[in-house]
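Reviewing the structure listed below.
The values are calculated or read from the model by the stated rules, or taken from the named source; none is laboratory data. Just so it is clear, the structure is predicted and the values come from calculations on it, not from any experiment. Cβ placement follows ideal geometry from the backbone for every residue including glycine, while neighbour counts extend to all protein chains displayed. Ligands, DNA and RNA are stripped out before the accessible areas are found, and what is left, the full protein with its side chains, is counted by its heavy atoms. Shrake-Rupley method; radii C 1.70, N 1.55, O 1.52, S 1.80 Å.
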Amino acid sequence: MYVFATNNPGKARELKEIFGSAGLELQTLHDLNLSLSPEETGNTFEENSKIKAVETAEFLRLHGYLDAIVLADDSGLAIDAMDGRPGVDSALFLGADTPHGQRNAFIINELHGKPPGERTAYFVCVITCCWPSGEVLTVRGELEGLIAQAAKGENGFGYDPIFYVPTLDKNMAELSQEEKNKISHRGQAVREMIKKLKGK
Ligand code: IMP
């Protein structure tokens, strides 16, 4: 049984679809009527995804799910012109309760007037898998792009409306779920992880 440790419905939707297309069923804590929000005290995506996976695996064991294989992702957007911010703090940028529309408007404003060469950014997704034995494995996916001149698109979540994908000439939020999964940082990391899971 694979359980994905997240409270973020956008992430859960993407992971379930990719797992489903590989013939694997993925459940979330929400599907099991459980809830846990491990504190992200690490300084890197790697540390935080490991904290989430390991704490959730222990939590599930306490609830009787002794054979759960737990996956967790830590992800975010790093903007070069902002010294890599929001980075690992992507979910807390400008305050944990600040709506994404406001965060996106702030970033667009921050980069106002900059030429394409100074608008480079990348999404990062690190996924950790924790087996019942306690063994852990981590993979990383990245997607490079530019901060768009303006927010566009209704799909996806988070920073997708302001992330321009040069190869497709579209902002990430203009892509369908399937198109996003094909290229995204999360899509790359999950496919790499699935390869490893199937190889076990
Ligand atoms: P965390 O991994 O739960 O710490 O939060 C990651 C945060 O990064 C999310 O809340 C979003 O703000 C942002 N993020 C991560 N992945 C994506 C993505 O695929 N699109 C847009 N924003 C993302």
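Brief remarks follow.
- Accessible area per residue, Å², the chain with all protein chains present, probe 1.4 Å: 49 Å²
- Here the accessible area of the range 87-129 is 56 percent carbon and sulfur, with a 1.4 angstrom probe and all protein chains present.
- Leading residue at positive end of dipole, the range 1-115 (Cβ point charges), from A68, N48, L29: L29
- Rounded to the nearest angstrom and listed largest first, the equivalent-ellipsoid semi-axes of the chain from its Cα gyration tensor are 30, 18, 14.
- Within straight-line cross-link reach of K180, aspartates and glutamates at Cα separation under 12 Å, skipping those fewer than 8 residues along the same chain: E14, E17, D160
- The range 68-113: C-alpha pair distances exceeding 11 Å, %: 71 percent
- E178/E46 FRET efficiency (R0 30 Å; Cβ-Cβ; nearest 0.05): 0.60
- If the chain linking E25 and K198 were pulled fully straight, counting 0.36 nm for each residue of separation and taking away their Cα-Cα distance, it would gain 61.0 nm.
- Averaging 1/r across all pairs of distinct Cα atoms in the range 3-91 and inverting the result yields a Kirkwood radius of 14.0 Å.
- Rounded to the nearest 20 debye, dipole of the range 115-200 from Cβ charges on Lys, Arg, Asp, Glu: 420 debye
- Above-threshold pairs, the threshold being 26 Å between Cα atoms, out of K50/K198; K11/K170; K152/K198; K11/K152: K152/K198
- Placing unit charges on the Cβ atoms only, positive for Lys and Arg and negative for Asp and Glu, gives the chain a dipole magnitude near 440 debye about its Cα centre.
- In the range 38-104, GluC sites (Glu not before Pro) in a DSSP loop with at most 14 other beta-carbon atoms within 10 Å: E39
- Against the rule of thumb 2.2 N^0.38 Å, how large the Cα Rg of the range 102-157 comes out: 1.64
- When the Cα atoms of the range 113-199 are aligned to their principal axes, the ranges along those axes come out at 52, 25, 20 Å in descending order.
- Residues in the range 49-80 that a label on E135 would reach, taking backbone N under 14 Å of a point 7 Å out along Cα→Cβ: 69-70
- Charge dipole magnitude, Cβ of K and R +1, D and E -1 - the range 3-95, Cα centre, debye nearest 20: 220 debye
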